[in-house]
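Report on one structure; see the data block that follows.
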Amino acid sequence: MDLKIIQGNSDNQLLYKEQLLSKIESYDNKLFFNDTWDQAFVKAIKCFANEHVGVNSPIEFTGLPLMPKLELKCYWAKFLSDERNNSYSSVERRRLPMQWLNSEWAEISIQFGVSCIADIPCPEFMADYNSSCGEKSSKRHNTDLLNTFSRYSGNPKRKKIKQTYVRENSIVEKEYLSPRITIAGDIHKNIVIQREQFKPLQRRMIVYLNDLYSEDDYRFKDAQRTTDRYLNFFRYSEWLRDAVRYHVINKIQHGELAPSTLIGYMGRFVHFSDFMHEKFEAPSPAFISDTLIEDEYLIWGNNKELSGKNWFTDTVAMLQTASREFSNDWPSLSVSKRTAKKIKKTYYKEGLGRIGYANEGVGRSYSQRIIDDIHEAIKYTRSPIPQIFVLILATGMRAEDGHSVLFDCLKDDPDDDNFMILHFWQNKVRKWNRKPLSKSDKSHSTLIKVIENQRKSIILKYGRPTKYLFPNVRGTRESFLSQQWTANEIKKKVISQHVKDDDGNPLGFSWHPLRHTMGTSLAQNGHDILNIMMELGHTSPDMATVYVNNRLELKKRALLEKGGGRFFTIHGSVDDRIGELLVRKEQLAATRVCGGACSMPAQIGDWCEHANACYTCKHFRADAKDVDFFKSEKIAINALMQEQQEESIELAESGKLRMSEITTRRFQKNKEVYGSLEKIVLAIEENGAFKGTEQKVKQIKLEFEE
């Protein structure tokens, strides 16, 4: 077995010591001179946020040589500065490992042949391949280190803990080492990561997401509930690391990769690494060629039944980046884009094929019977799981967005007492969404009640409003509940209550079908594609068509209703041609959009890329029967304009002139929208909705002349 272990070099020990000293001094220079950190000492350090270092149980560094002492002081300085660790249990769990390191370090250093903790091998940061089968190490901690610690003091009496989770629609129980044992591995791993952070960002093999992303663009910091997430490039063999690191970080810096997609994205290069280690005893860029990628790697991936196309296309993109940026070591490639067409469609069921798969896609939502069964199964599960279920079902939010709604997400509509406005951030598309909720609508009023009751329970529990409606508090740092945790809890309930899918099989619950359920419901109730798009927060109409295209009953309705109404331009004049244009024999000459139709010729493309600007577009035609919709849009736009006007003034006063200018331009655009809506509503009210009997759709003739 060829193990490449990440260890320090003795020549670099002096540099490492200076880096540790400098880092400790950045917290407070008193930390270096004091080897006993008691309660009074910790409270005197301004950057420390922890209040649970006891009077009689200080943090001791007295039995350690200089290097491990500096490593542990640096570790504890970061730990005590983190609000997530501000709890008694977090500090108390680390006392025994500290006693062990103080008293047993001499034996530990001899056992592993090291002079500092960071030099002890950590399997998570190894490239561990068996050249015959490409098997990788899945360990996260050094087993020998944990075994040594487990024999210390009262640890041998500690029992393993049992946890349950769902696998293949069955509840599985598994035993794990006690957290009181694995905490020693956590300390060791964090010290290894700590040393890597002393390198410049462009050379690090362990990179924190905090160093790559801005909270202005993505909501990701609060999703780091216990520890800061990082990218681990040590998972790749040494010959591949620099190429993958440059490619991934470059895509992040250009806004092409979100935090939530990183795990899957980096996993695709593991497939390529596996392939190379299976084929070559000592893989290197020198073996890579067009033929190897287009033929052998593609066949290998097809045989492995890898899902989708990205495992191939993203790898090709990475290899092309490597050949461009590291041209001395990596060969130039000219892999044809057509090669991707040879990828086996493994996501199609056996014998289903592309056409059958597209047709089956209609059924990705849950039926009403399934929704009722799930609701019954989770009715008495722990709060706030039922509340989150109702919220996501009623709004069609993405799972992460539904879990992270703010405490003050629901506000009164300042212009209409019959409505409330639900505000939530859409992390995938990076924009706010405002959803009006009608108090007179049964489902909307239920959702309003659920949110208001959840607020009351938060006040009762915490004595104050929290940041999030479904908070998860670690130490004194608040986050929001994990969608993976809630989904796992629902899965267990669904299995124990024997909930079945529509084919009679055990239901495999996940959050996303609730979003499909909402989209399907909107389509069945006659909502236009653009309305579905706005309700679900899609950035283009293409996704919204999923809920409409394959539904025969909706096409029947479209055929019967097109041309039966009256359409108005944004200037308030009637356009009688639209009903005729909506459906033609050979081509689509007008497109249904939210509240009306677009007369832009279809020859220029399937969809207008400015769909959100319909109300100021000369091609938009407002449907008279949707006058109530336009009235509600006026109210929403007016509220938004007031917010933007205030925001622009605040930004200007705080010196953010560029942001103030952008907000002002947005205000002016919305002012145009408001003016168009006002003309549309006035024109409809003056002219009325046309109730004609003539069908303006040109029907296809079924009788042919001889």
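Of all alpha-carbon pairs in the stretch 433-512, indicate the percentage at a distance above 16 angstrom.
Details: 2175 of 3160 pairs.
For the stretch 433-512, the fraction of Cα-Cα distances above 16 Å is 69 percent.
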Residues whose built amide H sits under 5 Å from the amide H of Tyr208, excluding neighbours closer than 5 in sequence, are Leu231
Could you go through the stretch 299-305 in sequence order and give the Karplus-derived ³J(HN,Hα) for each residue, using 6.51 cos²θ - 1.76 cosθ + 1.60 with θ = phi - 60°, rounded to whole Hz, and x for Gly and Pro? 5, 4, x, 5, 5, 7, 6
Rounded, prolate or oblate: pick one for the stretch 16-80, where a ≥ b ≥ c are the square roots of the eigenvalues of its C-alpha gyration tensor, a/c under 1.5 means rounded, and failing that, prolate if a/b is larger than b/c, else oblate. oblate
On alpha carbon coordinates alone, what is the Rg over Rh value for the stretch 404-543, Rh being the Kirkwood radius? 0.99
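Order the following by accessible area, largest value first: Phe667, Phe326. Probe radius 1.4 Å; ligands, DNA and RNA are ignored.
The ranking, largest first, comes out as Phe326, Phe667.
Find how much the distance from Ser289 to Thr36 grows on full extension, using 0.36 nm per residue of separation minus their present alpha carbon separation; answer in nm with one decimal.
Using 0.36 nm per residue and subtracting the Cα-Cα distance, I get 85.1 nm.
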Of the heavy-atom accessible surface of the stretch 25-100 (probe 1.4 angstrom), what whole percent is carbon and sulfur? 50
When the chain is fully extended, how far beyond the present Cα-Cα distance does Lys160 get from Glu643, taking 0.36 nm per residue of separation? 168.4 nm
Between Arg229 and Ser443, with labels modelled 7 Å along Cα→Cβ, what's the label distance in nm to one decimal, could you check? 3.1
Contact order relative to length for the stretch 136-180, counting C-alpha pairs under 8 Å separated by 6 or more residues, stands in percent at 28
Can you tell me the order of 235-243, 300-308 when each peptide is scored by its average per-residue count of other Cβ atoms within 10 angstrom, highest first? 235-243, 300-308
Which listed pairs, of Lys431/Lys467; Lys341/Lys618; Lys251/Lys304, have C-alpha distances above 29 Å, in listed order: Lys341/Lys618
Heavy-atom accessible area per residue, the stretch 409-540, 1.4 Å probe: how many Å²? 50
Using the basic label-point model (7 angstrom from Cα toward the beta carbon), what is the Glu672 to Trp432 distance in nanometres? 2.2
Once the Cβ-Cβ distance between Ala44 and Asn102 is put in as r, and R0 is 22 Å, what FRET efficiency do you end up with, to the nearest 0.05? 0.45
Cα-Cα over 20 Å, subset of Lys69/Lys189; Lys442/Lys491; Lys73/Lys160; Lys30/Lys69; Lys160/Lys379: Lys442/Lys491; Lys73/Lys160; Lys160/Lys379
Sort Lys174, Lys160 by heavy-atom solvent-accessible area, probe 1.4 angstrom, most to least. Lys160, Lys174
Write down the accessible area per residue of the stretch 199-264 in Å², having rolled a 1.4 Å probe over the full set of protein chains. 45
I'd like the Karplus ³J(HN,Hα) series for the stretch 170-186: coefficients 6.51, -1.76, 1.60, θ = phi - 60°, whole numbers in Hz, and an x wherever there's a Gly or Pro. 9, 7, 10, 10, 9, 9, 9, 4, 4, x, 5, 8, 5, 4, 5, x, 4
Once the dipole of the stretch 17-176 is set up from charges on Cβ (+1 Lys and Arg, -1 Asp and Glu), the residue from the list Leu145, Phe61, Leu20 lying farthest towards its positive end is Leu145
Can you tally the net charge around Leu20? Count Lys and Arg as +1, Asp and Glu as -1, for every other residue whose Cβ sits under 14 Å from the Cβ of Leu20. +2
Tell me the accessible surface of Asp211 in square angstrom (1.4 angstrom probe, heavy atoms of protein chains only), to the nearest ten. 80
Sequence gap at least 6, Cα distance under 8 Å: using those rules, report the relative contact order of the stretch 412-521 to the nearest whole percent. 10
Calculated from backbone phi, Karplus (6.51, -1.76, 1.60) coupling profile of the stretch 429-442 in Hz, x at Gly/Pro: 9, 6, 7, 7, 10, 10, 10, x, 10, 7, 5, 8, 7, 4
With label points set 7 Å from each Cα along the Cα-to-Cβ direction at His254 and Lys345, the distance between them in nm comes to 3.0
If the chain between His423 and Ser307 were fully extended at 0.36 nm per residue, the gain over the current Cα-Cα distance would be 38.2 nm
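The values are calculated or read from the model by the stated rules, or taken from the named source; none is laboratory data. Keep in mind that this is a model prediction, so the values were computed, not measured. Every residue, glycine as well, gets a Cβ built from its backbone with ideal geometry; the counts of neighbours run over all protein chains shown. Only protein heavy atoms, including side chains, enter the accessible area calculation; ligands, DNA and RNA are left aside. Shrake-Rupley method; radii C 1.70, N 1.55, O 1.52, S 1.80 Å.
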